1. Whole-Hz ³J(HN,Hα) for each residue in the range 60-77, computed from phi via Karplus 6.51 cos²θ - 1.76 cosθ + 1.60 with θ = phi - 60°, x for glycine and proline: what do you get?
2. Specify which labelled value, from [x] 147; [y] 104; [z] 170, agrees with volume of the Cα convex hull per residue in Å³ derived from the coordinates of the model shown.
3. Over 27 Å between Cα atoms, which of Lys5/Lys120; Lys56/Lys124; Lys46/Lys100; Lys5/Lys50 qualify?
4. For the chain, modelled as a Gaussian network with Cα springs under 10 Å, which listed residue fluctuates most, Ile109, Ile24, Ile13?
5. Once amide H atoms are placed 1.01 Å from N in the peptide plane, what residues at a sequence separation of 5 or more from Val30, or on another chain, have their amide H within under 5 Å of its amide H?
6. If we count GluC sites (Glu not before Pro) as exposed when they sit in a DSSP loop and have at most 10 other beta carbons within 10 Å, what is the longest stretch of the chain that avoids them all?
7. Measure off 7 Å from each Cα along the Cα-to-Cβ vector at Glu119 and Gln59, then give the distance between these two points in nanometres to one decimal.
8. Are there trypsin sites (Lys or Arg not before Pro) in the range 58-125 that DSSP marks as loop and that have at most 15 other Cβ atoms within 10 Å, and which are they?
Amino acid sequence: MIRFKTEVRPSEIQGEGLFALENISKRDIVWYFGYDDGDIIISEEKYLQKRITGDKIFQRTACRWIDDKFMYCENWGLDAYLNHSFDPNVLYYCGLGIAKRDILVGEEITLNFQYMLSEKDTAKFLDKDSGNEVCGLGTQ
C-alpha cells in the first residue's frame, strides 16, 4: 500500500514509473507490503517456480517479503510501477519502503531490486546507468 499521493507516468529509467505528487520526508514509510486484500505469502521455492510461468501480474508484483518468504498480489497496483536504482531514494526492508532522503514532488520513487529478488532468481536484468546485472541478495 502506497501511503502518499503518487501518479504513474513515463520514466527515463524504464517504461513507466511511480512519481511523488507530494513531498515525502526522509525516514517516512512510503509503502508497506503485507496482508492487504489480495496479498499472498509464498515460499522462495514457489516464487521461483511461478517466476518462469510468464504471468505478467506475478512478474510485476512478486517480491521478497521477509527472509525466504515472498509475496505477490493478483491485482496490479501502483507498486508495480516502482523502478530499480542502485542509488534509490527508498530503502526496502521486510516489506517496508522507507524514504532514504527527502523526495520532492515530481521525483520518481525508486528502490534497489536486489533486496526484493531471490539470489536464485532467473529474472535478472541490467541496470540502465551502470550496465551491472541486478540479481537478488541472499538472506544470510
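1. Those phi angles translate into 7, 10, 6, 7, 5, 9, 9, 6, 9, 9, 10, 9, 8, 10, 8, 10, 7, x Hz.
2. Only one option fits the structure, namely [y].
3. Table pairs above 27 Å Cα-Cα are Lys5/Lys120; Lys46/Lys100; Lys5/Lys50.
4. Top of the fluctuation ranking is Ile13.
5. Answer set, sorted by chain and number: Gly97, Ile98, Ala99.
6. The longest uninterrupted stretch comes out as 23-140.
7. So the two model labels end up 2.6 nm from each other.
8. Taking the range 58-125 and a limit of 15 other Cβ atoms within 10 Å, the loop trypsin sites (Lys or Arg not before Pro) found are Arg101, Lys120, Lys124.
All of the numbers you see were taken from the coordinates with simple rules; none came from a lab. Every value quoted in this text rests on a predicted model; they were computed, and no experiment measured them. So basically every Cβ, Gly included, is an ideal-geometry build from the backbone, and we count neighbours across all protein chains shown.
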